Each structure stands twice: as structure tokens, then as C-alpha cells.
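Working notes, structure below.
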Amino acid sequence: MFLESKKVFYENNEVDPIEIYKYLPKLDCKKCRYQSCLSFAIMLAKGEANINRCVHIKGNEYNLKKVKSPLYSHPFRSNFS
């Protein structure tokens, strides 16, 4: 079932939330108003959150660029700032 849902996820041209999650701080501080960094990454991948909500990643330019790159390169995510 997991592989089937992942296949549908990629067929819909979604950004992989795990690729985003890799570069998040994994502190689960909830300052972004999400329960965890993983849930924040999922919402980023869906285009329903803005990376600037993460107060911890703002000071880390390397990770900020890494998180933004899959979002910017995605055809439906060009409006991320």
C-alpha cells in the first residue's frame, strides 16, 4: 500500500517531502505552527506552506538553498519566496 501511494504521489508531479525534510532542523519546535518538521516538509511539498515559517532554517543559508531548490524547480511551485 505504501509503495502504491508513493507511486500516485510521484505521478501527480509532487515534490518529495523527504528530500525537503533532510535539510530541515528536525527540532519539532512547532514555531512554524506544524506538529513536526516532517509535517512541515509535507506541507511544503504540497505547496501549502512557506519555507520562511521555519525560524531555524533562516540563518542556515546552505540548508535554505537546499530546501528551496526542489520547490523552485517544480513547475507548480515557482511562487515560493
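The table that follows gives values for the structure above.
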item: Potential extension, Asn50-Glu19 segment - 0.36 nm per residue separation minus Cα distance; result: 9.6 nm
item: For region 42-50, 3J(HN,Hα) per residue [Karplus equation, 6.51 cos²θ - 1.76 cosθ + 1.60, θ = phi - 60°, Hz, x = Gly/Pro]; result: 5, 5, 4, 4, 7, x, 9, 9, 10
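Read the figures in this text as sums done on the coordinates, not as results from a lab. Fair warning: this is a prediction, and the values are worked out from it, not measured in the lab.
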